[in-house]
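Student: Provided herewith is a single structure, encoded as structure tokens, for subsequent inquiry.
The values are calculated or read from the model by the stated rules, or taken from the named source; none is laboratory data. Quick caveat: nothing in here was measured; it's all calculated off a predicted structure. Note that we place each Cβ from the backbone using ideal geometry, even for glycine, and neighbour counts take in every protein chain shown. What goes into the accessible areas is simple: the full protein's heavy atoms, side chains included, and nothing from ligands, DNA or RNA. Shrake-Rupley method; radii C 1.70, N 1.55, O 1.52, S 1.80 Å.
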Amino acid sequence: MRAYQDSARARFRRVLGPLPARTPLKARVTGTLARVGFRIEKVIYESTPNHHVTANLYVPNGKGQRPAVLLFCGHEQESKATESYQKTAILFAQNGFVVLVIDPISQGERMQLTDATGKSLTRGGTTEHTLLNAQAALLGRSVPAAQLWDNVRGLDYLLTRREVDAERVGCLGNSGGATQTAYFLSFDDRVKVAALCSYVAAGERNLELTGPADGCVMLPGAGQAGLDLTEYPLIFAPSPCYCWRVATISWTTPAWRLPTKSCSKRIGCWASRSR
């Protein structure tokens, strides 16, 4: 098992390609919203020089170090401002967790292809993801790798905060955010626990049912390297990983049932679906 995990991890890193060097984050807080029991800080940091990442940091009131969570957003255009993600972050903060919610590339405050007034030139973030990933592939790079690096640097920032206990860090995400989570937990061993929601477990079946996903989740060369979507939580084992899907997303049902049941038994991953 360990040999296979090491092989999968090495193949994943090879497919990611070279990642940037760590450079100064130049993080700053541009505003603060006071709420009952916690506050929300508006954060900007640079994952690479002059490449700005916007995020919201939820900080519980009180003293001492707290467990921390990276919350990765799905494909909602509003990203960190999406109501369900705000509610998730608030629930964690009310229970004593520091939470960093990051805008992915081409969502929230991070649209890349705009006119001079800042208006998007495409139909939305998922279209941008696909266009950018096609361009990046010509240079041997990818949007998933760039997004992963934004998230790695987000954790770097989180661990600079005196409120955070570095030994108690987790990550979770929904849909496209679940794929971000899967890539992240396979790469960064500072994460101790993870949760995947609305995550698809069989790449071949997913392609058969819906075709290619948008560019932020399609990692060029992954199939050729023998990496399916079950590989990423497998790499994370034996650390705890909870897999949860929403039953109303009917197209995931055939892709989920057997592969996930088999994988979850093998690696000790909790898997469930809502009723």
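Student: Can you find even one residue in segment 160-170 that is closer than 15 Å to ILE44 by Cα and of a type in the set (Ser, Thr, Tyr)?
Tutor: yes
Student: Under the condition of being at pLDDT 95 or above and among the hydroxyl-bearing types (Ser, Thr, Tyr), which residue from segment 28-84 is farthest from GLY154 (Cα to Cα)?
Tutor: In this case the residue turns out to be THR32.
Student: Applying the selection to segment 33-60, what residues are open to solvent by 30 Å² or more (accessible area, probe 1.4 Å), touching a strand residue (DSSP E or B) at 6+ places or on another chain (Cβ under 8 Å) and small (Gly, Ala, Ser)?
Tutor: GLY37 - this is the single residue of segment 33-60 that is open to solvent by 30 Å² or more (accessible area, probe 1.4 Å), touching a strand residue (DSSP E or B) at 6+ places or on another chain (Cβ under 8 Å) and small (Gly, Ala, Ser).
Student: Hey, another quick one. Which one is farthest from the chain's Cα centre (by Cα) among residues in segment 153-180 that are hydroxyl-bearing (Ser, Thr, Tyr) and at pLDDT below 95?
Tutor: Per the stated criteria, the residue is SER175.
Student: When segment 54-71 is examined, which residues are found to be closer than 15 Å to VAL43 by Cα and touching a Leu at 6+ places or on another chain (Cβ under 7 Å)?
Tutor: ALA55, LEU57, LEU70, LEU71 - these are the residues of segment 54-71 that are closer than 15 Å to VAL43 by Cα and touching a Leu at 6+ places or on another chain (Cβ under 7 Å).
Student: Looking at segment 119-166, which of its residues are open to solvent by less than 50 Å² (accessible area, probe 1.4 Å), in a loop (DSSP other than H, G, I, E, B) and without any contact (Cβ under 8 Å) to a residue 40 or more places away in the chain?
Tutor: Of everything in segment 119-166, just one residue is open to solvent by less than 50 Å² (accessible area, probe 1.4 Å), in a loop (DSSP other than H, G, I, E, B) and without any contact (Cβ under 8 Å) to a residue 40 or more places away in the chain, namely THR122.
Student: I would also like to ask the following. Given the structure, is LYS63 open to solvent by 50 Å² or more (accessible area, probe 1.4 Å) and of a type in the set (D, E, K, R)?
Tutor: Criteria met by LYS63.
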